[in-house]
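Questions regarding the structure given below will be posed in turn.
Since every read-out is calculated from the coordinates, none of them should be taken as a lab result. Computed from a predicted structure; not experimentally measured. Reconstructed Cβ throughout: ideal geometry from the backbone, glycine too, with neighbour counts over all protein chains shown.
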């Protein structure tokens, strides 16, 4: 379930940044949201962090990770910045959390789920994604097509696939394996 | 909407939390320790007010600050952070190992050389 308040928060930032098309300039938006982005090497399992200190907020991103992951990390940290006051965050893995049931999650997981939603809302705004794949969406098993769209948005195919499913823009046509005529 | 104002909203509470923490530390360092109850009584406040001051929820007023300093036998300078600096960091929501913290500090530290993160 997508939380409309989170979507609205992401939309506000996109509007503020006058973002009209993909790929969303996530580093610029971080600055606009009031954070300084610093890059560097972190332990392998750390994607990034949001460090809040009195003289400013810093988003750190692990540059050992792929560009798409770095972009998602920054967007995720902006999510913490915008949605979750008064704490710093260190982020290990994002995606497994997606699969957990929101209702049974601990509060800690919930903030991560929210930051993930914000990241998806920010990097793959519904409007732009619809424009890219059409209102009917695309076949998420059509690897080249998913890849192409993911590249346009600067996200991983995994992140895009989740997003397409969440926005009901995923057409799944498993049956006739061979003839992918669409 | 001004984002600078939002940043201030994050920064300001940190100062009060730090002051509160300092009060709590100095209070327990006295010999014998000063209880919240006796500090409250001396200042004509409720114990809950002291709790709120100590956890930074209540933004302490200057005259109360003087009162607390006097009760603890210190000056107000001893209760105030030197500057709004990194000491006022917000704690991490999750557990962070020492190793991770060191890496985070390293990445967060200002870079000596020119700006590195240009582009989208």
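Assuming R0 = 41 Å, what is the FRET efficiency of residue A:21 and residue B:98, from their Cβ-Cβ distance, to the nearest 0.05?
0.40
Measure off 7 Å from each Cα along the Cα-to-Cβ vector at residue B:55 and residue A:171, then give the distance between these two points in nanometres to one decimal.
Once both label points are built, they end up 5.5 nm from each other.
Expressed in whole Å with the largest first, what are the equivalent ellipsoid semi-axes of segment A:1-97 derived from the C-alpha gyration tensor as the square root of 5 times each eigenvalue?
Over the Cα atoms of segment A:1-97, the ellipsoid semi-axes are 20, 15, 14 Å.
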